[in-house]
1. Taking every eigenvalue of the Cα gyration tensor of segment 1-72, multiplying by 5 and rooting it, what semi-axes result, largest first, whole Å?
2. Using 27 Å as the Cα-Cα cut-off, could you pick out the over-long pairs in Lys239/Lys325; Lys189/Lys301; Lys189/Lys325; Lys68/Lys117; Lys68/Lys189?
3. In debye, nearest 20: dipole of segment 20-148 around its Cα centre with unit charges on the Cβ of K, R (+) and D, E (-)?
4. With unit charges on the beta carbons (Lys and Arg positive, Asp and Glu negative) and the dipole taken about the Cα centre of segment 265-407, which residue among Ala266, Ile276, Gln328 sits farthest to the positive side?
5. For each of Phe151, Phe43, count neighbouring Cβ atoms within 10 Å of the residue's Cβ, then give the residues from fewest to most.
6. Give, as a single signed number, the net charge of other residues whose beta carbon lies under 15 Å from the beta carbon of Tyr347, with Lys and Arg counted +1 and Asp and Glu -1.
7. Would you work out which of Ser387, Ile344, Leu307 lies farthest towards the positive end of the dipole of segment 265-407, given +1 charges on the beta-carbon of Lys and Arg and -1 on that of Asp and Glu, about the Cα centre?
8. Bin width 10 Å, origin at 0, all Cα-Cα pairs of segment 265-407: what percent of pairs per bin?
Amino acid sequence: MAFLMRTDPAISRLLMLRSGAIAIQLLAVIAVYFLFEYAIPLFELLLVISLEAVFQILSVFAYRNVSKAKEIGMLMQLTADVLFLSVLLSLSGGATNAFVSLLLLPIMIAAVSVSAKGLAYIAVLAISAYSLLLYKMPQHSMHHMDMTSHFVGMWVNFVISASVIALVIGTMNRALHSRERTIASVREKQLRNEQLVTLDGAAAQITHQLASPIANLQLLFEELHEEQPTNPLVNEMHKPLMQCATQLDSFRELSAQLRTQCNISAIALPDLAQQIQDSMLLQYPEQQLIWQNNTPVVNVKADAMLLPAILNLLQNSATANRQNKQTQLSLNWQISDAEANLLIRDYGVGFSSEQLTQLGGQIMASNSGMGLAVLLSNVTLERLNGSLTLYNHPEGGAVAKVQLAVLKDEK
C-alpha cells in the first residue's frame, strides 16, 4: 500500500481500512465454518468477500494517483462498504449477528471525511440497512422467551448511536476545519505583512539612494541648458527629470501621511474619479479612460493609499493594453447600499489560470512586476473593508473589480 501515499489522504485511509477488513472477514468466515463448525453459507460469503476484494483492487487502481478526490467518490466508497457489510450480515444472521454494530464505522468515517449532506446520506443508508435486516429477521425464540423486543431495542440503540455520532463528530470536525482555515488565513496574512514590511524598508532605502543621483542630474541639466539652450536633446531631458523629482516628492509626502495620519477618512467618489482621471492623463496620456456611467455621489472609506492602490491596477491595465496595441480602458461603477464597485477593464490578452490563482495573495515572479502591484492594492483595499477580484472578460481582456465600503451619511 506504499503507493497510496500519493493518494488523497481520506481515500487512502479508507482503502487501507477496507484491506484490513477484507482480511479479517475472510479469516472470520473460515474460522467460524471450519473451527467452530457453524452452519453458515460458506460459498455465498466467500463470493461476497471476493466481489469486495475485486472492488477494492479497482478502487486502488482508480485512486492511485488522485491527489484530491471529489466528495462523490468518497460517498461511493462508503456506500459500497455499507452494501457489502449489509449483504455479509444478511447471510450470517442478519440483525441477530453480534457484529451488526459495524455499520456504525462508515458513519464515523463519513463524519470526518464528507460534508454534512454526505454524512446525513451515509447515516440514513446505514440505518436503512439495519432496518431492512431487522425487517427480514424471522421470529426468534430463546429459552422459550420472545427475543423480538430485544432486537428492536438493539435497533433503537443503533439509531440513537448513529445520530449521536453524526451530530457530535460531524459538528466537531466542521469546527476543527473552520479553526484550521482561520489559522491558515492568519498565518498567510502574517507572512504577507512581513513581506510588506521588508518591501517598505527596501523602498525607503532605494528612494533615499536615488534622491542624490537625481539631484546631481538636475544640476547637470541646468548647466547644459545654460550652455546649450537650443539643443533639442537637452530640452528633452527636462520632462523625465521632472517626473522623477515629482514621484520622489510624492513618495515622501505619502510616507509622511502614513506615519502621522493612520485614521481612515472618507472621500467622495466624484473626487476620487477626478483624481484617477488626472493621474492617468499625466502618466499615460495615450490611454483613454472610457467611463461607462456617471460617478455616484457617495462617500467611501479611504486613506492615503487608496488612490495609489487603484492607480497600480490602472497602470497594469495600461501595460496590458500597450502589449496588445490597445489605447482604451473601460471603467464602470456599480453601487449598492453597502458597497461601491469600480470595474476596470483592459483589452489585453487577459490573465492565465496561474495568475488568477496567485495574484493578490503573494509576490509573483513577473517581468512586469504585476504581482507586487496587485498585492499592495489588495492589502490596501482589505484594510479599508474592501476587496479586489480579478477575472477575464468573456469578450477579451481582463477585469479588476475594486470593492469599496460606502459610508452612510449620519443625520
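1. With the √(5λ) rule applied to segment 1-72, the semi-axes are 31, 11, 8 Å.
2. Lys189/Lys325
3. 480 debye
4. Gln328
5. Phe43, Phe151
6. 0
7. Most positive-ward Cα: Ile344.
8. 12, 46, 36, 7
Values in this text are rule-based calculations from the coordinates and carry no lab data. Nothing here was measured: the structure is a model prediction, and the numbers come from that model. Cβ sites come from the backbone with ideal geometry, for glycine too, and all protein chains shown count toward neighbours.
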